[in-house]
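Some notes on the structure that comes next.
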Amino acid sequence: MTRLFNDPDEFAAEMIEGFAAASARWVRAVPGGVVRSTRGAEPTVALVIGGGSGHYPAFGGLVGPGLAHGAAMGNLFASPSAQRVHSVAAAADEGRGVLLSYGNYAGDVLHFDQAQERLRAEGVDCRTVRVTDDVSSAPAEEIEKRRGIAGDLTVFKIAGAAAEAGYDLDGVERVANRANSRTRSFGVAFGGCTLPGADEPLFDVPEGRMAVGLGIHGEPGIDEVDVPTADGLAELFVTKLLDEVPEGVSRDGARVVPILNGLGSVKYEELYVVYASVARRLEEAGLVLVSPEVGEFCTSFDMAGASLTLLWLDEELERLWLEPCDTPAFRRGAVAGRVAVREEDLVAAGPSREIGPSTEESRDAAATAAAVLDALARMLDEQAEELGRIDRIAGDGDHGIGMQRGSAAASAAAAAAAEAGAGAGTLLRCAGDAWSDEGGGTSGAIWGRMLDALGGELGDEHPVDTAAVGAGVTRMKEAIMSFGKAQPGDKTMIDAVVPFADELSARIAAGDGLLEAWTSAVEAARRGAEETADMVARLGRARSHGDKSLGTPDPGAVSFSLAARTALEVLAERGEGAA
């Protein structure tokens with residue numbers, strides 16, 4: 001378990017501060033993460049990587065010459081917000097375009113895509129390559145749905161070397177995609193990881209048993225077997241990965257990079273015992289091993305486990321893999337010709353939202369919205385542990401923590417906006433920015449987008465009456481369905497949001513006042529959330545665990561249902577809701 005921490009909520013921020021202080025030769029801190037502290041003689045394409053904290057050396061430990069230009073770093077096991085990704089990318093950009101690369105998780109996709117949209121709107125040519133190396137997370141015919149685990153390293157190294165060699169953005173994107181298409185990984189765990197301040201691990205593995213096909217965020221494996229010998233584990237790894245040779249690769253005489261990765265508490269000596277058998281089996285299969293790596297490259301806090309990655313090389317990929325690099329955690333050869341980055345060379349993040357003019361009616365509605373958000377934060381603080389327990393059934397267990405952080409930040413931002421005289425629209429959009437930034441993860445991105453859509457519909461100058469609220473909730477529903485691509489029946493928050501929004505609209509259209517309509521909509525959301533217990537997840541991290549979530553409702557749907565009920569209580573207390 002994690003023993004050394006101060007305030008668990010500040011762990012990631014304090015870790016980044018300490019990492020930057022200890023690694024000033026390579027990196028400097030910027031809002032949202034770190035960027036290189038040096039630059040070469042000529043500008044290059046900027047590779048910006050990132051994800052949740054808790055996976056060191058991914059992601060900050062891979063920033064430096066020959067590898068990444070910057071890393072956006074989120075809270076523990078939570079994707080960095082779009083604001084953080086944009087901040088890091090803006091600071092890392094050298095004028096030749098930006099490539100974003102990260103593991104293929106729903107929260108990361110939502111936030112990085114938002115940041116990409118913003119960068120493009122600012123005139124920066126920005127592309128994305130998502131890492132999809134984990135063979136256990138989806139079948140080969142759905143490779144685009146696979147998640148990224150330790151294979152991140154091969155894609156990042158190839159892309160970083162190409163940028164260092166002077167490739168243009170098209171070229172860096174091309175080789176990164178090819179590296180991803182030729183990378184496969186498979187992992188196991190003997191025990192779960194425990195986050196700072198938590199009393200128990202995110203999942204348990206019975207004594208003498210091993211979880212097979214696990215993720216790197218505490219997601220349980222897809223199977224469970226007896227713990228094998230080191231030779232038995234090597235056989236499992238090699239057999240699993242040789243069962244799926246990438247398209248266009250001939251196995252006989254193929255040149256591969258093997259990477260045996262420790263997930264946090266397996267000792268290097270144990271890994272070397274396993275690798276001896278891995279190397280022997282790969283060579284017996286007729287493969288040529290090139291520059292293998294054994295160590296910790298993508299961890300999961302203190303998880304006891306390991307994974308094997310194979311990068312199937314071609315001539316260009318091999319040359320780029322062997323190019324020099326110099327980062328805090330991964331070094332090869334010598335990199336020369338670097339100069340320190342000056343403070344004035346860094347591009348600052350854009351300004352926060354301005355408080356514009358508003359009507360008295362809108363400011364009154366803003367006060368109600370701030371009260372709702374304050375109540376949500378208090379409710380979610382109380383419910384965080386239970387929401388995390390639900391999420392651990394088939395996910396990574398961080399939903400409660402993410403909602404707790406995001407709602408607290410949104411409440412504080414709303415209070416500040418109200419104090420500054422913001423109307424309802426601006427207050428909700430400020431709250432959405434804060435929720436997205438501090439909550440991170442999928443829920444942070446979605447709640448940020450919901451509040452932004454609701455605020456955009458209400459505005460600052462129009463009366464916030466029953467019809468306006470109904471229209472705002474409908475816009476909120478449409479925005480997140482478009483944003484996250486989920487549909488009813490996928491076992492996500494949408495299964496509570498859609499019945500809530502549809503029932504609210506129907507009751508308002510029938511002439512009900514806001515309180516009456518909201519009461520009926522809350523009941524629809526509750527039923528929708530409960531019904532997810534009988535569904536099999538089709539999206540998100542729970543998708544790869546099949547029917548393990550059967551009997552347990554979706555945590556996002558549950559938290560939305562609770563939020564809708566809490567809002568109703570505040571509206572009733574304040575006497576809102578005239579027809």
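The values are calculated or read from the model by the stated rules, or taken from the named source; none is laboratory data. Bear in mind that the values here come from a model prediction, so they are computed numbers and not experimental data. Cβ atoms come from the backbone with ideal geometry, glycine included; neighbour counts cover every protein chain shown.
Any residue in the range 151-163 that is of a type in the set (D, E, K, R), within 15 Å of ALA68 (Cβ to Cβ) and touching a residue at least 12 places away in the same chain (Cβ under 8 Å)? Checked against the condition, which is being of a type in the set (D, E, K, R), within 15 Å of ALA68 (Cβ to Cβ) and touching a residue at least 12 places away in the same chain (Cβ under 8 Å), the range 151-163 yields at least one hit. Residues considered: GLY151, GLY192, GLY215, GLY171. Of these, the only one that is modelled with pLDDT of 95 or more, surrounded by 24 or more Cβ atoms within 10 Å (Cβ to Cβ) and not hydroxyl-bearing (Ser, Thr, Tyr) is GLY151.
Listed by first and then second residue, the pairs with beta-carbon distance under 6 Å, at least 6 apart or on different chains, first residue in the range 481-497 and assigned to a helix (DSSP H, G or I), second basic (Lys, Arg), are PHE483/ARG449; VAL497/LYS477. Candidates GLY107, GLY60, GLY70: the one that is more than 13 Å from ALA46 (Cα to Cα), surrounded by 24 or more Cβ atoms within 10 Å (Cβ to Cβ) and modelled with pLDDT of 95 or more is GLY60. Restricting ALA410, ALA420 to those that are of a type outside the set (S, T, N, Q) and under 19 Å from GLY472 (Cβ atoms) reduces the list to ALA410.
Evaluated against (1) under 29 Å from VAL175 (Cα atoms); (2) in contact with a helix residue (DSSP H, G or I) (Cβ under 8 Å, 6 or more places away or on another chain), TRP26 falls short on exactly one condition, (2). When restricted to residues that are closer than 18 Å to GLY151 by Cβ and basic (Lys, Arg), the range 209-264 contains 2. Scanning the range 133-142 for residues that are buried (at least 16 other Cβ atoms within 10 Å of the Cβ) and either within 10 Å of ARG184 (Cβ to Cβ) or touching a strand residue (DSSP E or B) at 6+ places or on another chain (Cβ under 8 Å) (or both) yields ASP133, ASP134, VAL135, SER136.
Evaluating ARG527 against the criteria (1) touching a Gly at 6+ places or on another chain (Cβ under 9 Å); (2) touching a residue at least 24 places away in the same chain (Cβ under 8 Å) leaves one unmet condition, (1). Counting residues in the range 385-396 that are without any contact (Cβ under 8 Å) to a residue 60 or more places away in the chain and either farther than 15 Å from ASP554 by Cα or more than 21 Å from the chain's Cα centre (by Cα) (or both) gives one or more.
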